[in-house]
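Asker: Have a look at this one.
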Amino acid sequence: MTASLPRQAAPPDEPRHPTEDRRHKIRRRAITLLIIGLLIGVPAGYLVISAAQSRDSGKDKEAKYAATGLTKGWPSKVQRRLYQVPMPHPSGKVAAYETNNWKTSRLYVQFQTPLRNLDVFLDDMGVSRSDLKKGDITISARDQKITGWKFDGPGPWYGLVHKQKNPKPTQDVVVSLADPNNPFFYVVSRTVP
């Protein structure tokens, strides 16, 4: 059997710690709980917000790429730069659609802009008003079917084809001057990857 050892008394020269009163103990525990709550709650809240934003972003992209025709809104800056479609400001009734495959990529854009922007748009594209030919519908029947464009309404209609050497895109442009102060543009820009 082992004998129990006697307890050793505290040295007389060390000060005794006062006992913690109830109010101080509650305050210390509350601060500890707050810190633990923040250490867990802040990252958890961030994860929830991040997951919701990621899910919403995926839905937006899914809707964009599931589109099977023109959708309202401006094409992205990257698309406009890649397909060299210099859309003037202000422009209204804007819609766009992009198709891609292993052979050819196309950007379809329509918009209406004030007459003063007609020359601005053409100059930015590298052509002039004299390149427009009256009655020339340069957008193919295939592209018209994809977009639903019909060029049988009131005119006059003007068209041009701006051919460029690969890898630069080729643009087919049709302009409706049914409203002479606000021409309506139809653009198909295609590039070969």
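The values are calculated or read from the model by the stated rules, or taken from the named source; none is laboratory data. The structure displayed is predicted, hence computed values, not measured ones. Note: ideal-geometry Cβ built from the backbone for every residue, glycine included; neighbour counts use all protein chains shown. Remember, those area values only see protein heavy atoms, side chains included, never the ligands or the DNA or RNA. Shrake-Rupley method; radii C 1.70, N 1.55, O 1.52, S 1.80 Å.
Asker: Show that you can apply the helix-only estimate: for the chain, add -39,500 (n - 2.57) for every DSSP H stretch of four or more residues, divide by all residues, and state [θ] at 222 nm to the nearest 500.
Answerer: Numbers: 4 runs with 68 residues, N = 193.
The helix-only estimate for the chain comes to -12000 deg cm²/dmol at 222 nm.
Asker: Here is a follow-up. With a 1.4 Å probe and every protein chain left in place, work out the accessible area per residue of the chain in Å², rounded to a whole number.
Answerer: Values: 13880 Å² over 193 residues.
Spelled out: the 1.4 Å probe surface of the chain, per residue, equals 72 Å².
Asker: Given [x] 1, 8, 16, 21, 20, 16, 10, 5, 2, 0, 0; [y] 1, 9, 17, 19, 17, 13, 9, 7, 4, 3, 1, 0, 0; [z] 1, 6, 11, 14, 12, 8, 5, 4, 3, 3, 3, 3, 3, 3, 3, 3, 3, 3, 3, 2, 2, 1, 1, 0 as candidate values of P(r) over Cα pairs in 5 Å bins from 0, in percent, which corresponds to the one derived from the coordinates?
Answerer: Evaluating P(r) over Cα pairs in 5 Å bins from 0, in percent on these atoms matches [z].
Asker: Between Val127 and His89, what is the label-to-label distance in nm when each label sits 7 Å out along the Cα-to-Cβ direction?
Answerer: Placing both labels 7 Å beyond Cα along the Cβ direction yields 2.5 nm.
Asker: Compute the whole-percent fraction of alpha carbon pairs in segment 73-184 spaced more than 19 Å apart. Write out the running numbers ahead of the final one.
Answerer: Numbers: 2703 of 6216 pairs.
Result for the distance tail: 43 percent.
Asker: Select from Gly45, Asn117, Asn181 the residue farthest towards the positive end of the dipole of the chain; place +1 on Cβ of Lys and Arg, -1 on Cβ of Asp and Glu, and compute about the Cα centre.
Answerer: Result: Gly45.
Asker: Could you work out how far apart the two model spin labels at Gln112 and Leu5 are, taking each label as a point 7 Å from the Cα in the direction of the beta carbon, and quote it in nm?
Answerer: That separation, rounded to one decimal, is 9.7 nm.
Asker: Just Leu160, Leu34, Leu177 to compare: in a GNM of the chain, with alpha carbon springs under 10 Å, which one fluctuates most?
Answerer: For the chain, modelled as a Gaussian network with Cα springs under 10 Å, the answer is Leu34.
Asker: Expressed in nm to one decimal, what extension gain is obtained for the pair Ile31 and Arg81 from 0.36 nm per residue of sequence separation less their Cα-Cα distance?
Answerer: On the way: separation 50, 0.36 × 50 = 18.00 nm, distance 5.58 nm.
Result for the pair: 12.4 nm of gain on full extension.
Asker: Now for a separate question. What angle do you read, to the nearest 10 degrees and between 0 and 90, between the alpha-carbon axis of helix 116-125 and the longest principal axis of the chain?
Answerer: 80
Asker: Specify the residue with the greatest mean-square fluctuation among Val174, Val78, Val94, computed from a Gaussian network of the chain linking alpha-carbon atoms under 10 Å apart.
Answerer: Maximum fluctuation in the GNM of the chain, among the listed residues, is at Val78.
Asker: Between segment 74-89 and segment 134-193, what is the C-alpha centre distance in whole Å?
Answerer: Segment 74-89 and segment 134-193 have Cα centres separated by 16 Å.
Asker: Just to be sure I understand: with springs between alpha-carbon atoms less than 10 Å apart, which residue in Arg27, Arg106, Arg80 has the highest mean-square fluctuation in the Gaussian network model of the chain?
Answerer: Arg27
Asker: Related question: Could you list the trypsin sites (Lys or Arg not before Pro) in segment 140-180 that lie in coil according to DSSP, counting only those with at most 13 other Cβ atoms within 10 Å of their Cβ?
Answerer: Details: sites: Arg142, Lys145, Lys150, Lys163, Lys165; in loops: Lys150, Lys163, Lys165.
Loop-located and lightly packed - Lys150, Lys163, Lys165.
Asker: Further question on the same structure: With everything on Cα atoms, drop me the angle between helix 22-66 and the longest principal axis of the chain, reported from 0 to 90° to the nearest 10.
Answerer: Its long axis makes an angle of about 20 degrees.
Asker: Still on this structure, please answer the following. To the nearest 20 debye, what charge dipole does segment 89-133 have about its Cα centre, counting +1 at the Cβ of each Lys and Arg and -1 at the Cβ of each Asp and Glu?
Answerer: Working: 6 positive and 5 negative charges, 39 e Å.
In total the dipole reaches around 180 debye.
Asker: Also, I was wondering about something else. Using the Cα centre as the reference, give the magnitude of the dipole from point charges on the C-beta atoms of the chain (Lys, Arg: +1; Asp, Glu: -1; all else neutral), rounded to the nearest 20 debye.
Answerer: Details: 30 positive and 17 negative charges, 93 e Å.
Dipole size: approximately 440 debye.
Asker: Rounded to the nearest percent, how much of the accessible area of the chain (1.4 Å probe, protein heavy atoms only) is carbon and sulfur?
Answerer: Carbon and sulfur together cover 57 percent of it.
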